[in-house]
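The values are calculated or read from the model by the stated rules, or taken from the named source; none is laboratory data. In this text the structure is predicted, and so the values were computed from the model without any measurement. Quick reminder, even Gly has a Cβ in these numbers, built from the backbone with ideal geometry, and neighbours come from all protein chains shown.
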Amino acid sequence: MDELRRVILDYVVKEYLEEGDDREVVVDTPLITGGIVDSFSMVSLKRFLEKKYTIQIPDAEATPTAFDSVERIASLVERIRGARAGA
């Protein structure tokens, strides 16, 4: 697992799983549809990513589908970072 996916996964586990929650979260675990991340949590996760990676995630792209797994979130961040690098 690369560093981006590890950072996102660690953040999700630390911030959104309560003590004693024994659910295993991996890169393709459904976060929103699985009930781990809700709409308020999604906003804080978006802000964390924007600050950590010095990016702006357009609200139109910060959708429940885009934030439904670590893999999807990482792909979104990579695409935005790549677009910024190419600008």
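Observations on the model:
- Among the residues listed as VAL37, VAL27, VAL13, the single one being β-branched (Val, Ile, Thr), surrounded by 10 or more Cβ atoms within 10 Å (Cβ to Cβ) and not in a loop (DSSP other than H, G, I, E, B): VAL13
- Residue that is nearest to GLU24 (Cα to Cα) [pool: residues in segment 34-58 that are modelled with pLDDT of 95 or more and of a type in the set (D, E, K, R)]: LYS46
- Restricting segment 1-10 to residues that are among the aliphatic types (A, V, I, L, M) and touching a residue at least 60 places away in the same chain (Cβ under 8 Å) leaves a set whose member that is surrounded by the most Cβ atoms within 10 Å (Cβ to Cβ) is ILE8.
- Scanning segment 4-32 for residues that are over 14 Å from ILE73 (Cβ atoms) and not basic (Lys, Arg) yields LEU17, GLU18, GLU19, GLY20, ASP21, ASP22, GLU24.
- Verdict on GLY82 being among the small types (Gly, Ala, Ser), assigned to a helix (DSSP H, G or I) and at pLDDT below 95: yes
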